[in-house]
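Okay, so here's the structure we're looking at.
The values are calculated or read from the model by the stated rules, or taken from the named source; none is laboratory data. Everything quoted here is computed from the prediction, not taken from an experiment. All Cβ positions, glycine included, derive from the backbone under ideal geometry; neighbour counts span all protein chains shown.
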Amino acid sequence: TIHIYESSHDILFTCFLSVSKMDIKKRLLLPFVCYFLSVSQFFHVCHGDVGTAAQYSPPYLPTACFGEDQTQFPSSNLFAAAGDGIWDNGASCGRQYLVRCISASQPGTCVPDQTIQVKIVDYAPTALSPPSAQSTTIVLSETAFGGITNIPMDSINIEFQQSVSLV
């Protein structure tokens, strides 16, 4: 059956009718299922992909994404250069990524439960300033790297996920 709805009111009314036609056992079970689904959203084993991160220092200009434009850098200085794995032939320029340190060769390196959001402004292999380690997934600005680590390291293991803006 195909239903064509004129408005959201029609959809809500149809849902209400569907729920009211359920037998009593299903209606009693519905709140528990909704509660379980809501609570389960807070427990994720993994939010994204796993990779490696290095850091790089100034000078940051020019960049492969935006050249000499100073306005490309977020005021927070949380930005990064994309490695080959996420570069996507330049399509990653301007993308935002959530990044979290998950481990390093030295215990205590990662700031526990700290996630930062970085903007991709450059391509790591062609960045003016060399990264602290080669062939990483992402190369973070000094500020970004320092935001998720307690001690200086050449590279760390990260969990990262592209952040999608709803605006």
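Conditions first: (1) over 18 Å from the mean Cα position of the chain (by Cα); (2) over 22 Å from residue 49 (Cβ atoms). Residue 105 passes all but one, so which condition is the exception?
(2)
What number goes with the only condition from (1) among the aliphatic types (A, V, I, L, M); (2) at pLDDT 50 or above; (3) out of contact with any helix residue (DSSP H, G or I) (no Cβ under 7 Å at 6 or more places or on another chain); (4) not in a loop (DSSP other than H, G, I, E, B) that residue 39 does not pass?
Answer for residue 39: the failing condition is (2).
For every residue, the table says whether it meets (1) in contact with a helix residue (DSSP H, G or I) (Cβ under 9 Å, 6 or more places away or on another chain); (2) hydrophobic (A, V, I, L, M, F, W, C).
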| site | (1), (2) |
| --- | --- |
| 78 | yes, yes |
| 96 | no, no |
| 119 | yes, no |
| 138 | yes, yes |
| 143 | no, no |
| 152 | yes, no |
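Any residue that is surrounded by fewer than 17 Cβ atoms within 10 Å (Cβ to Cβ), of a type in the set (Gly, Ala, Ser), modelled with pLDDT under 95 and farther than 20 Å from residue 85 by Cα - is there at least one of those in the stretch 137-148?
No, the stretch 137-148 contains no residue that is surrounded by fewer than 17 Cβ atoms within 10 Å (Cβ to Cβ), of a type in the set (Gly, Ala, Ser), modelled with pLDDT under 95 and farther than 20 Å from residue 85 by Cα.
Pick out the one residue from 49, 84 that is in contact with a helix residue (DSSP H, G or I) (Cβ under 8 Å, 6 or more places away or on another chain) and acidic (Asp, Glu).
Every option except 84 fails the conditions.
Out of the residues in the stretch 81-109 meeting the condition of being farther than 19 Å from residue 129 by Cβ and hydroxyl-bearing (Ser, Thr, Tyr), tell me which one is surrounded by the most Cβ atoms within 10 Å (Cβ to Cβ).
By that ranking, first place goes to 97.
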